[in-house]
Amino acid sequence: MDEKNRIENRIGVLDGIRAIAIGMVVWFHFWQQTWLTPYLRIPTEYTKYIGLTEINLAGWVRYGFVFVDMMILLSAFCNFYPYARSIVLGEDWPDTKKFYRKRAARILPSYYFMLTIDLFFYILPGHKYRNVGALCKDIVTHVFCVAPNWSDTYISTSFNGVLWTVQMEVIYYLLLPWIARLFRKWAFATYSVMLMISVTSTAVILNCFAGKERNYGNNILTFMGIYANGMLCCVLYVMWKKYVTENKYSRLAGTVISVLCIFLMNGMIHKYDGDVNLQAVQLQSRLVQSFLFALFLFSTACAGEYYQKLYSNRVASLFCKFSYNLYLWHQMIAVWLKEKRIPYWSGDTPPNMTGDRVWQWKYQIPVQYGNQICWLAKFFLRKETGPGKSVVYFLFPDWQSLCLYGRNPSDLKASKGFQKEHKALWNTHKGIKEKAVHLGQGCGYVPDPDLHMLCEPF
């Protein structure tokens, strides 16, 4: 078999890894609103002989912000993959204009749609800014994807807190074709310079802005090492597929290393316990963590068939189809519900701070699980119109959510039916909102200053 054809264009296990990374970050954001941690005590009479007395995932949820780094490394791997194939296999060099068009079509429409909804339905009605100048600065920096460069448009912003990662990705997309050209000519030098940029910028922030790392620590420079490791991992994967004849022993080794990486991740996550300055610790550990994530990605992609099915399956593939918009919207919805006291809570102190377990479960179940189920069920209606025809997407499925593709009667019929159903859902939403306003009348509401600081550890 030709070596170019032997190396697949699509790596299925990446779906599962992406689902894990995004799912953990989403769970972390919901935890910030509830402080509800998963914990289950196991009867010791059944498990005491193996030392298993409890299942406690509190660390994975509480410090789930580290999986943002995995998301970024995965993004670097996936976007560099065509360039790696060109470098290693001699395929045609990807067209830069086409790359920009595809990335813009994938990312920007949903991103700007989110900004618009956030601005006109949350920020302006809620009078979130004291003056027009601060509002305009925040809008402009978010439109041009440079908000993380200023503390008042990053830490103090009233816009959706997760958007800083999207903005950083946009900057990386702009740089990638030119970084790839340098990597093709001087691979080792380019990789080394990217690592040096990451290490130097991190050291400057830790030494010059001690105690304020969260204001300046998340930018394209400090993440440059993660991007470099993602690109290197991608090149090594293509070279492995080209030069190595895989067998059951190599796949077994990949499986064992992948499982070992999971245990190492568990130790990595729990090292944050007791650290007062999480931002400083994260900055110090970011580059080392990225090596572990890269090893996990590489070994999983080279593991045995049955192990790979844990990551490459229909559920993971389906999740990845709406994961971007789930990531965009989940935090804003969670914050909005809590601000509107849905489910209802009284007093000035948020119920998560008072340890109100009833409220925690009332909030957690519908927001986390119900939200995801609804996105899965309603968000992904599509209809194939035949060979060469477009797919009809509704309700924010990436950028196609803003458009209706296809002109035949079957498309129009499907869209009308869905629009009717969506209208009913919208009316239900309005009823819930009106009920929440009624319930909240007369209670003194003091906004939680941490409601919008949902991404502060990363």
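A few remarks follow.
- Checking each residue in the stretch 297-333 for being in a helix (DSSP H, G or I) and among the aromatic types (Phe, Trp, Tyr) picks out Phe298, Tyr306, Tyr307, Phe319, Phe322, Tyr324, Tyr327, Trp329.
- Residue match in the stretch 126-142 (condition: within 24 Å of Ser290 (Cα to Cα) and within 19 Å of the chain's Cα centre (by Cα)): no
- Of all residues in the stretch 142-157 being surrounded by 20 or more Cβ atoms within 10 Å (Cβ to Cβ) and not hydrophobic (A, V, I, L, M, F, W, C), the one that is nearest to Leu337 (Cα to Cα): Thr157
- Selection count where residues are in contact with a helix residue (DSSP H, G or I) (Cβ under 6 Å, 6 or more places away or on another chain), in a helix (DSSP H, G or I), among the hydrophobic types (A, V, I, L, M, F, W, C) and surrounded by fewer than 16 Cβ atoms within 10 Å (Cβ to Cβ), scope the stretch 90-123: 1
- From the options Thr165, Thr141, residue that is in contact (Cβ under 8 Å) with a residue 40 or more places away in the chain and among the hydroxyl-bearing types (Ser, Thr, Tyr): Thr165
- Scanning the stretch 281-291 for residues that are buried (at least 19 other Cβ atoms within 10 Å of the Cβ) and not charged (D, E, K, R) returns Gln282, Leu283, Leu287, Gln289, Ser290.
- Some residue of the stretch 190-198 being at pLDDT 95 or above, out of contact with any strand residue (DSSP E or B) (no Cβ under 6 Å at 6 or more places or on another chain) and either exposed (fewer than 15 other Cβ atoms within 10 Å of the Cβ) or charged (D, E, K, R) (or both): yes
- Top-ranked residue in the stretch 283-329 [being of a type in the set (D, E, K, R) and at pLDDT 90 or above; ranked as farthest from the chain's Cα centre (by Cα)]: Glu305
- Residue within the stretch 200-210 that is closer than 23 Å to Pro148 by Cα, assigned to a loop (DSSP other than H, G, I, E, B) and modelled with pLDDT under 95 present: yes
- Residue match in the stretch 75-89 (condition: under 22 Å from Tyr191 (Cα atoms), assigned to a loop (DSSP other than H, G, I, E, B) and of a type outside the set (Ser, Thr, Tyr)): no
- Of the candidates Trp345, Trp336, the single residue that is crowded, with 16+ Cβ neighbours inside 10 Å, over 22 Å from Phe113 (Cβ atoms) and modelled with pLDDT of 85 or more is Trp345.
- Close pairs (6 angstrom Cβ cut-off, 6 or more residues apart or separate chains): assigned by TED's automatic domain parsing to the domain that holds Gln282 in the stretch 196-215, surrounded by fewer than 15 Cβ atoms within 10 Å (Cβ to Cβ) and assigned to a helix (DSSP H, G or I) anywhere: Asn215/Ser151
The values are calculated or read from the model by the stated rules, or taken from the named source; none is laboratory data. Since the structure is predicted, the reported quantities are computational estimates derived from the model, not experimental observations. Methodologically, a virtual Cβ is constructed for each residue, glycine included, from the backbone with ideal geometry; neighbour enumeration extends over all protein chains shown.
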